[in-house]
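Peer 1: Here it is, the structure, as structure tokens.
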Amino acid sequence: MAFGLGNLMIIKDVFQISLLRALLRPRPSPTHLPSAPPPLRLFPWPSPPLPSPRFPSAGVEVAGACAVSFQGRAISSVARADRRTMAEEVKEQVKDLMKATVLMRHPQQVQEIIRSLRKGGCNKLQVISDFDMTLTRFGFNGKRCPTSYNILDNSKLISEECQKKLKDLLHYYYPIEIDPNRTVKEKFPLMVEWWTKAHNLLCQQKIQKYQIAQIVRDSDAMLREGFETFFSTLYRSNIPLLIFSAGIGDILEEIIRQMNVFHPNIHVVSNYMDFDESGFLQGFKGNLIHTFNKNSSVLEDSKYFEQLQAKTNILLLGDSMGDLTMADGVSSVGNILKIGFLNDKVEERRERYMDSYDIVLEKDETLDVVNGILTHILCEQDQVGMQES
């Protein structure tokens, strides 16, 4: 025989190299495959057949769709990462994003923002949130939960005649507030009109300061499920929470106090009552805050954001288009993640919310997603702290 053992080894090596090249050679996808993405695999065509048992390959091992190179590196992992959707990657990071209530227009962008927030940790993070129907529930057991204004409007302190007038205002102006076909410019003067009329009616009711705590206790006010975790996480991690509300500051503060979560890291900007020397309501302090002017124009305490110059990462929570401007007073924004609660008229407003908020929570009465994101953001810093200790 002319061929020796050395020649046989050369032929074997040539065969192995040829087989590897054949496996890695680009091929067009067969026309008979469906248009939907094929199952995850290294190749865009059906997996190649296994090498013949008569010619076992020592250089390449093919198992299903996974090929391992001569050096033992899994080359299918790169393809797997490329083919995996960004939505799946985000959900893997924060399991609560797998909830059916979660909508995202740009999951890749959400992933990048969350990664940046996690990298910055608690030292760079601040939270800016609306209150009514954002931190509080929109409904419970099929019944609407009251806002801070509703708590006062529906209390025994308000006469039946005044209650009727306030409800008439609500039924007229609220549809305007949430109308997706009207511009903010059109809504703005009408919101000023609504708030002003409501304030004037309330000032006629001889409301006393000491009565606020009782009407809150008698109300059906409810914070969203998971509120204890939300408030305590921010407090323990020394993360500032700005509550920017067009509601009544005295009432929303009382709600938080009675829930035992009013911590020193909380700062509230809202419509606060002005009581005379006898303790009766005579008006409201400072600038009027309504749904569509929640921005730096009504922030009298400009020093608040000045003290937080290092807090360039923002988690913003809201339930309306007007809440999107709450962070305008922050001079230097590094990263901002906007989470919107879509509570009402969801079919009409879904697309606009998805265009405006990074994450939309549709008819979700919990803070699960927010808490999950906070846990993920703070996890890396906790690990660093454990290593340092």
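Residues checked against (1) in contact with a Lys or Arg (Cβ under 7 Å, 6 or more places away or on another chain); (2) among the basic types (Lys, Arg):
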position	(1), (2)
Pro107	no, no
Gln111	no, no
Lys119	no, yes
Thr136	yes, no
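Peer 1: Sort through Pro189, Pro175 and tell me the only one that's under 27 Å from Leu367 (Cα atoms) and free of Cβ contacts under 8 Å to residues at least 40 places away in the same chain.
Peer 2: Pro175
Peer 1: In addition: Just to be sure, is Leu157 modelled with pLDDT under 95 and more than 18 Å from Asp132 (Cβ to Cβ)?
Peer 2: Yes.
Peer 1: Report every pair of residues separated by at least 6 positions or lying on different chains whose Cβ atoms are under 6 Å apart, first residue within segment 311-334 and under 27 Å from Val346 (Cβ atoms), second aliphatic (A, V, I, L, M) and modelled with pLDDT under 95.
Peer 2: What qualifies is Ile314/Ala327; Leu316/Ala327.
Peer 1: Also, quick follow-up: Looking only at residues that are charged (D, E, K, R) and not in a helix (DSSP H, G or I) in segment 311-337, which one is most open to solvent (accessible area, probe 1.4 Å)?
Peer 2: The selected residue is Asp328.
Peer 1: Under the condition of being closer than 19 Å to Leu117 by Cα and of a type outside the set (A, V, I, L, M, F, W, C), which residue from segment 314-329 is modelled with the highest pLDDT?
Peer 2: This residue is Gly318.
Peer 1: Next question, about the same structure. With the condition being over 24 Å from the mean Cα position of the chain (by Cα) and surrounded by 17 or more Cβ atoms within 10 Å (Cβ to Cβ), I'd like the helices (runs of 4 or more DSSP H) fully within segment 165-266 carrying at least 3 qualifying residues.
Peer 2: Answer list for segment 165-266: 184-203, 212-217, 249-258.
Peer 1: Could you run through segment 293-310 and say how many residues are surrounded by fewer than 21 Cβ atoms within 10 Å (Cβ to Cβ) and assigned to a loop (DSSP other than H, G, I, E, B)?
Peer 2: 10
The values are calculated or read from the model by the stated rules, or taken from the named source; none is laboratory data. None of the values given here were measured: they were computed from a predicted structure. Cβ sites come from the backbone with ideal geometry, for glycine too, and all protein chains shown count toward neighbours. When the accessible area is computed, the model is the full protein with side chains, heavy atoms only, and any ligands, DNA or RNA have been set aside. Shrake-Rupley method; radii C 1.70, N 1.55, O 1.52, S 1.80 Å.
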